[in-house]
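J.: What follows is a single structure, and I will ask about it in a moment.
Rule-based calculations on the coordinates, nothing more; no lab input. Here the structure is a predicted model, which means the values were calculated and not measured. Cβ placement follows ideal geometry from the backbone for every residue including glycine, while neighbour counts extend to all protein chains displayed.
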Amino acid sequence: MRRFPLDILSLLGLVLAITSLMVGAVLKGAGLESLVSSAAFTIVVVGTIAAICVQTPLHVMLHAMRISRWVVIPPNFHAEETLARFIEWTALSRRQGLLGLEQVIDDVDDGFLRKGLQLVVDGGEPDEIRNTMEIELEIRESVDLRGAKVFEGMGIYSPTLGIIGAVLGLIAVMQNLADPTKLGHGISAAFTATIYGIGMANLLLLPMANKLKVVIHDISQVRAMMIEGLIAIAQGENPRSVENKMRGYMH
């Protein structure tokens, strides 16, 4: 069964990212109020969301939102627990035959593993099972990676939107050159948009995309281990052989 433990390192990173900006603004003498700008928020944040919506199909966007929690709450398949289950299933299949595994299918909550186990119970040839499950693995990995690339795309767009916000702010400053009292505040507000854009990209969006890619790779490794276990069971190998093959994926 998959559990979802909290990723303390990612959570700490998000807290440090926010803290670094706030403390940095204070230490530089700009003050926290310099980080607050409704205009910059509208241009950068709303603009970035608009850009990614134009780029991304709806089903990909929805999947990206679903897997975004993996940044701080990644799925954990518990490799050791999975290995123990496969050893148990191997022993069961050797005692009762492959049809004996039918009784455990309903207890498997992972769709990928349940499909593979059903193929084994149905008496599929090992090569056929491998081809089917590898295609399933490839498709699932591709879907998850497209979700991760949504945040990567946002990380690419947000700095550009930040520059647009800064340019618009400077245009407003140029229109008020006759009033020197407005120049300082206007220039400060213009560069706030740049902070929003670059900060979002480098402290949130791109790190999120890269963390999701790492998590997706880990998930694929566990599923590849499952495929080897399923093939070994279908070939009637003994529990020791199954364990040795699957442990190769756990380093």
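J.: Using just the helices of the chain, give the 222 nm mean residue ellipticity in deg cm²/dmol: DSSP H runs with n ≥ 4 each add -39,500 (n - 2.57), and the total is spread over all residues, rounded to 500. Spell out each step's value before the answer.
T.: Details: 10 runs with 177 residues, N = 251.
My calculation for the chain gives -24000 deg cm²/dmol from helical runs alone.
J.: Quick one: what do you get for segment 1-56 if you divide its Cα Rg by 2.2 N^0.38 Å? Spell out each step's value before the answer.
T.: Details: Rg = 16.5 Å, N = 56, 2.2 N^0.38 = 10.2 Å.
Taking the Cα Rg and dividing by 2.2 N^0.38 Å, one obtains 1.62.
J.: Let me ask another. Fewest first, what order do Asp109, Asp144, Asp7 take by the number of other Cβ atoms within 10 Å? Working shown, then result.
T.: Values: Asp109 9, Asp144 22, Asp7 17.
Ordered by Cβ neighbours within 10 Å, fewest first: Asp109, Asp7, Asp144.
J.: I need the Debye-formula profile for segment 8-247: one equal scatterer per C-alpha, no solvent, reported as log10 I(q)/I(0) at q = 0.09, 0.14 1/Å, two decimals.
T.: Taken in order of the listed q values, log10 I(q)/I(0) reads -0.56, -0.91.
J.: Still on this structure: Taking each full run of DSSP H in the chain as one helix, which ones are at least 30 Å long along their axis (Cα atoms) and have mean Kyte-Doolittle hydropathy of at least -1.0?
T.: Working: long enough: 126-174 (72 Å, 0.46); 206-234 (42 Å, 0.93).
Length and hydropathy pass: 126-174, 206-234.
J.: In the neighborhood of Leu206, defined by Cβ-to-Cβ distances under 12 Å, what is the net charge if each Lys or Arg adds +1 and each Asp or Glu adds -1?
T.: Charge balance near Leu206 sits at +2.
J.: Using a simple charge model, +1 on the beta-carbon of Lys and Arg, -1 on the beta-carbon of Asp and Glu, nothing else, what dipole does segment 8-247 show about its Cα centre, in debye to the nearest 20? Kindly include the intermediate steps, with their values, before the conclusion.
T.: Working: 19 positive and 24 negative charges, 181 e Å.
It comes to approximately 860 debye.
J.: Considering the options Leu230, Trp89, Val150, tell which one lies farthest towards the positive end of the dipole of segment 8-247, charges being +1 on Lys and Arg and -1 on Asp and Glu at the Cβ, about the Cα centre.
T.: Highest projection toward the positive end goes to Val150.
J.: I would also like to ask the following. Would you mind counting up the charge near Leu11? Only other residues with Cβ under 12 Å from its Cβ, with Lys and Arg at +1 and Asp and Glu at -1.
T.: Numbers: positive: Arg69, Lys211; negative: Asp7.
Around Leu11, the charge tally is +1.
J.: Taking the Cβ of His59 as the center, what net charge do the other residues with Cβ under 12 Å away carry, scoring Lys and Arg +1 and Asp and Glu -1?
T.: Numbers: positive: Arg66, Arg146; negative: none.
Net of charged neighbours comes to +2.
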